Every structure is written in structure tokens, then in C-alpha cells.
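Read through the structure below, which is laid out as C-alpha cells, and then see the notes.
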Amino acid sequence: MNQHSHYKGYAVHAAATPLHNGLYAANLHIERLAERRQEAARFAELDYFFEEAQAVAYATRWARMWIDSAQQRQTS
């Protein structure tokens, strides 16, 4: 299961990867949508969940916190 969204100038690609033990890993790819340069960050296996939707929701929330933190660092 994958979910693609945009948040504050970033493209967020959240995914749940099924594991051999029946759990789902929350994975995340974030790209800054800038005209002159492209920034990207990948985060694998942020946490593990019993349900696929929970893993995607967690990765999406984690992305928003990461983006908010990155923007605060840029303005400081």
C-alpha cells in the first residue's frame, strides 16, 4: 500500500512493506519541490505495524513532523 501527498512544498511518498513475520514496515520518501534544486530523504522501517493502513498513516504523520522541523531549522 502506498500513499502520495504534498505538504508545505514537499512530496511525501509513504509506503507499507509486508515483512515475512506478518508485520508491515512503515517506509517514507520525502522530496522538496524546488525549482532550482531537488532535495530528497529516505527513511526505511520507521516502525512496524500489524495493519498496512497503520504503517502508511504513521509514515505520513512522521513526514509532516520531519518537514515542520526542517522548516524551523531553515528559519533559525
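The values are calculated or read from the model by the stated rules, or taken from the named source; none is laboratory data. Owing to the predicted nature of the structure, the values given are computational and were not obtained by experimental measurement. Reconstructed Cβ throughout: ideal geometry from the backbone, glycine too, with neighbour counts over all protein chains shown.
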- Message: Report every pair of residues separated by at least 6 positions or lying on different chains whose Cβ atoms are under 8 Å apart, first residue within the range 48-72 and part of a loop (DSSP other than H, G, I, E, B), second at pLDDT 95 or above and among the hydroxyl-bearing types (Ser, Thr, Tyr).
- Response: PHE50/TYR24; GLU51/TYR24
- Only one of (1) in contact (Cβ under 8 Å) with a residue 60 or more places away in the chain; (2) out of contact with any Lys or Arg (no Cβ under 9 Å at 6 or more places or on another chain) is not met by TYR7, so which one is it? (2)
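For every residue, the table says whether it meets (1) aliphatic (A, V, I, L, M); (2) touching a helix residue (DSSP H, G or I) at 6+ places or on another chain (Cβ under 9 Å).
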{"site": "PRO18", "(1), (2)": "no, yes"}
{"site": "GLY22", "(1), (2)": "no, no"}
{"site": "GLN38", "(1), (2)": "no, no"}
{"site": "ASP47", "(1), (2)": "no, yes"}
{"site": "GLN54", "(1), (2)": "no, no"}
{"site": "ALA57", "(1), (2)": "yes, no"}
{"site": "ARG64", "(1), (2)": "no, no"}
{"site": "THR75", "(1), (2)": "no, no"}
- Go through the residues of the range 27-37 one by one and say whether even a single one is part of a helix (DSSP H, G or I), modelled with pLDDT of 95 or more, of a type in the set (S, T, N, Q) and farther than 13 Å from GLY9 by Cα. no
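Residues are listed down the side, and each one gets a yes or a no for (1) surrounded by 15 or more Cβ atoms within 10 Å (Cβ to Cβ); (2) at positive phi:
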| site | (1), (2) |
| --- | --- |
| TYR7 | no, no |
| ALA14 | yes, no |
| GLY22 | no, yes |
| GLN38 | no, no |
| ALA41 | no, no |
| ALA57 | yes, no |
| ARG61 | no, no |
| THR75 | no, no |
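Would you mention how many residues in the range 45-76 are of a type outside the set (A, V, I, L, M, F, W, C), modelled with pLDDT of 95 or more and over 12 Å from the mean Cα position of the chain (by Cα)?
Step one: of the range 45-76, the residues of a type outside the set (A, V, I, L, M, F, W, C) are 45, 47-48, 51-52, 54, 58, 60-61, 64, 68-69, 71-76.
Applying the additional criterion that residues be modelled with pLDDT of 95 or more yields 45, 47-48, 51-52, 54, 58, 60-61, 64, 68.
Now narrow it down to the ones that are over 12 Å from the mean Cα position of the chain (by Cα): 48, 51-52, 54, 68.
Result for the range 45-76: 5.
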